[in-house]
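For reference, the structure discussed in these notes is given below.
The values are calculated or read from the model by the stated rules, or taken from the named source; none is laboratory data. Here the structure is a predicted model, which means the values were calculated and not measured. Neighbour counts run over all protein chains shown; Cβ positions are idealised from the backbone, glycine included.
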Amino acid sequence: MSDPAATPASAMRDTIDTSVPHSARIWNYWLGGKDNYPVDEKAGDAYTAVFPGIVTIARSSRAFLRRNIAYLVSEAGIRQFLDIGTGLPTAQNTHEVAQGLAPETRIVYVDKDPMVLAHARALLYSSSEGATAYIDADVTDPDRILEAAAGTLDLSRPTALVLSNILGHVPDGDRARAIVTRLMDALPSGSYLSINDGSRGIDPVFEQAQDAYNSSGAAPYILRTVEEMTRFFDGLELVDPGVVSVTQWRPEPGASTAEVVAEHGGLARKP
């Protein structure tokens, strides 16, 4: 049997500019994934040379998402997920966690990057009882996302909207809040909003590293204060413990007290 991971990589190698680092591939590198190139490793290593804690942030972010999904499936009874800003597949992706607990769960992934979507379609397989679909769309086009998602999800039923490390790519805070509001307005009572993003006001070294990255010509990623992030949940019912460092959101039983990292997140229910 051929290696499915080789198919998208080899098919796209001639069209991807591997001389320029790519944020999704850098993040994949920090997570220990293999879907990256030497240029991405070099950029990732340059970032960690300034701020080694970025690897902890990346992995803590993934762990936060996993715990969110487990809560949503096991405790909130959610069986539909709209995950915007998929990123490159690694371990414990949304559908793997959700369908591992409830095989009938349906998931729609959204990303605008053709490389990400090609990898996702090749590597992310749904359970036979549920469904997994992929939409080529930008977070800044919520109407298109909702229209396409309705082909797989029943948006009259409670749905979890997942925005993991994506709102930082919308520099204007008012526009970012308007996008979240539009998406949540389309979902019924009993739906949930999960957000996590890099935070400002926690670690000045992280902020310096990110500001340097943003000024390099790469697509910028904006850090926000905890107060700014909390505003995304206006009108919703935050699940305890609220908007906190991702390491401290419902840690695994028996886990030692984790350090605060400059990545915050929360989960909230639509009343």
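A few comments on the model shown:
- The residue that is surrounded by the fewest Cβ atoms within 10 Å (Cβ to Cβ), counting only those in region 32-73 that are among the small types (Gly, Ala, Ser) and over 20 Å from the mean Cα position of the chain (by Cα), is ALA49.
For (1) surrounded by fewer than 21 Cβ atoms within 10 Å (Cβ to Cβ); (2) touching a residue at least 12 places away in the same chain (Cβ under 8 Å), each residue gets a yes or a no:
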site	(1), (2)
ASP138	yes, yes
ASP143	yes, yes
GLU147	yes, no
SER156	yes, yes
ALA160	no, yes
ILE166	no, yes
GLY173	yes, yes
ALA178	yes, no
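- Failed item, numbered, when ALA212 is tested on (1) of a type outside the set (D, E, K, R); (2) out of contact with any Pro (no Cβ under 7 Å at 6 or more places or on another chain); (3) closer than 24 Å to ILE145 by Cα: (3)
- THR152 at pLDDT 95 or above, hydroxyl-bearing (Ser, Thr, Tyr), in a loop (DSSP other than H, G, I, E, B) and over 19 Å from ILE78 (Cα atoms): no
- Criterion: of a type in the set (Asp, Glu), under 21 Å from SER245 (Cα atoms) and buried (at least 20 other Cβ atoms within 10 Å of the Cβ) - qualifying residue of ASP111, ASP83: ASP83
- Look at (1) touching a residue at least 40 places away in the same chain (Cβ under 8 Å); (2) surrounded by fewer than 21 Cβ atoms within 10 Å (Cβ to Cβ); (3) of a type in the set (Lys, Arg); (4) under 29 Å from LYS34 (Cα atoms) and you find that ARG106 fails only one, number (2).
- Residue match in region 216-228 (condition: surrounded by fewer than 20 Cβ atoms within 10 Å (Cβ to Cβ), of a type in the set (S, T, N, Q) and modelled with pLDDT under 95): yes
- Looking only at residues of region 17-31 that are among the β-branched types (Val, Ile, Thr) and farther than 21 Å from LEU124 by Cβ, we find that the one that is surrounded by the most Cβ atoms within 10 Å (Cβ to Cβ) is THR18.
- Residue pairs whose Cβ atoms lie under 8 Å apart, sitting 6 or more positions apart in sequence or on different chains, and linking a residue in region 52-76 that is at pLDDT 95 or above and outside any helix (DSSP H, G or I) to a partner that is among the basic types (Lys, Arg) and crowded, with 17+ Cβ neighbours inside 10 Å, are ALA76/ARG269.
- Taking region 86-108 as the range and being more than 28 Å from GLY242 (Cβ to Cβ) and touching a Leu at 6+ places or on another chain (Cβ under 7 Å) as the test, the residues that pass are PRO89, ARG106.
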